[in-house]
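Single-structure report; data block below.
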Amino acid sequence: MKTKRGILGLVLGLIVLPGPAARGAGVMGPPIAILEEGQWTVGLEYGYAETGLKAHGTRLSRPQGEEATYGAEFIDIKGLNSRMVFGSLAYGVVDNWDLFLRLGTADAWDHAVVRTPPFSDSPERFRYDGDYGLAYGLGTRATFCYWGPWQFGGTTQVTWMDPGKSRFSWSDSDTPDTITSGRTNVDFWHVKAAVAATYQIDAFRFWAGPFVQFVRGDFRRRGETFTDGLPTGSFTCSADIEETSQAGVHFGAIWQASRGTNCWIEGQYTNDSWVFGLGATVVPARFLAGR
């Protein structure tokens with residue numbers, strides 16, 4: 001028993017300790033089927049993520065008294081932080097195949113660096129700080145095969161997030177009398193696919209395996225420029241978001257607290273992103289029946 005407790009403590013410790021190369025977005029949950037055929041579960045999930053992203057697009061500048069001009073811009077999103085809370089609903093299609101839905105809310109914040117050709121030594125820098133907005137997703141997980149205490153499975157999911165708008169303000173140190181201000185809006189979706197090996201010890205199952213992710217979205221800004229407090233023009237920017245790292249590893253643990261209750265905890269790591277998640281699911285029929 002001491003050995004089993006030691007293994008559990010080691011795995012959970014590795015999950016909750018953030019690594020120095022950490023930064024993905026979106027919880028995945030168990031990579032194997034956890035329901036019997038025809039079972040329904042409801043659950044609650046929480047996730048925290050830091051994601052390295054990049055974006056590129058166009059900027060429409062409208063200086064007062066001059067013609068509007070288009071230009072390119074490139075954005076480094078220095079770690080998009082996000083907190084997520086989901087309610088979940090899952091169904092066991094067969095004993096080894098589950099489908100699930102998520103609905104909840106998520107916020108996001110980051111520091112962005114915008115560079116426009118010809119590139120200068122003083123790029124535009126500002127902070128995005130969006131409030132909680134709508135988040136939802138769907139996915140599937142399956143168990144492929146069993147080998148003694150080992151199980152091999154996988155999960156695939158897509159998640160959409162639409163955090164609230166944020167105001168920003170920026171001025172170049174070389175021209176402090178000129179201020180750029182406006183609003184930023186970010187929305188994105190990400191797809192993840194993962195496989196994993198799971199090992200069972202009594203009521204605990206521990207998993208680890210690789211995953212891939214793809215992030216796409218929009219990074220939009222609209223604002224005005226002021227010099228000595230007087231308006232000098234306006235601008236509109238639209239850029240396409242994508243991930244900076246696609247492959248990573250995920251690992252976690254599932255605790256079957258009872259025949260109708262499962263709790264899990266997970267970690268995801270790529271070269272420039274990380275996710276911490278936890279959740280619990282309940283089979284209502286068994287929970288109400290006290291089983």
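The values are calculated or read from the model by the stated rules, or taken from the named source; none is laboratory data. Everything quoted here is computed from the prediction, not taken from an experiment. As a convention, Cβ positions derive from the backbone with ideal geometry for all residues, glycine included, and neighbour counts pool all protein chains shown. In case anyone asks, the SASA skips ligands and DNA or RNA and just uses the protein heavy atoms, side chains included. Shrake-Rupley method; radii C 1.70, N 1.55, O 1.52, S 1.80 Å.
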Any residue in segment 164-193 that's of a type in the set (Lys, Arg): show its pairings with residues that are open to solvent by less than 10 Å² (accessible area, probe 1.4 Å) and part of a loop (DSSP other than H, G, I, E, B) at Cβ separation under 8 Å, as long as the two are six or more apart or on different chains.
Lys192/Gly24; Lys192/Gly26; Lys192/Met28
Hey, any hits in segment 210-227 for a residue that's open to solvent by 60 Å² or more (accessible area, probe 1.4 Å) and at pLDDT below 90?
no
Does Pro123 meet the test of being closer than 25 Å to Thr236 by Cβ and open to solvent by 60 Å² or more (accessible area, probe 1.4 Å)?
no
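A quick yes/no check of all residues on (1) more than 27 Å from Gly252 (Cα to Cα); (2) surrounded by fewer than 18 Cβ atoms within 10 Å (Cβ to Cβ); (3) of a type in the set (Lys, Arg):
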position: Val94; (1), (2), (3): no, yes, no
position: Arg102; (1), (2), (3): no, no, yes
position: Pro118; (1), (2), (3): yes, yes, no
position: Arg127; (1), (2), (3): yes, yes, yes
position: Gly137; (1), (2), (3): no, no, no
position: Thr155; (1), (2), (3): no, no, no
Residue among Ser122, Ser82 that alone is of a type outside the set (A, V, I, L, M, F, W, C) and more than 21 Å from Arg222 (Cα to Cα)
Ser82
Selection within segment 38-61 - part of a loop (DSSP other than H, G, I, E, B) and surrounded by 17 or more Cβ atoms within 10 Å (Cβ to Cβ)
Gln39
Find the strands (runs of 3 or more DSSP E) located wholly in segment 107-170 whose residues include 1 or more that are within 30 Å of Pro30 (Cβ to Cβ), and list them.
124-147, 150-162
Long-range neighbours under 7 Å by Cβ, at least six apart or interchain, first residue at pLDDT 80 or above within segment 118-139, second of a type in the set (A, V, I, L, M, F, W, C) and open to solvent by 100 Å² or more (accessible area, probe 1.4 Å):
Tyr136/Leu103
Can you tell me which residue is least open to solvent (accessible area, probe 1.4 Å) among those in segment 171-190 that are part of a strand (DSSP E or B) and over 27 Å from Val215 (Cα atoms)?
Thr180
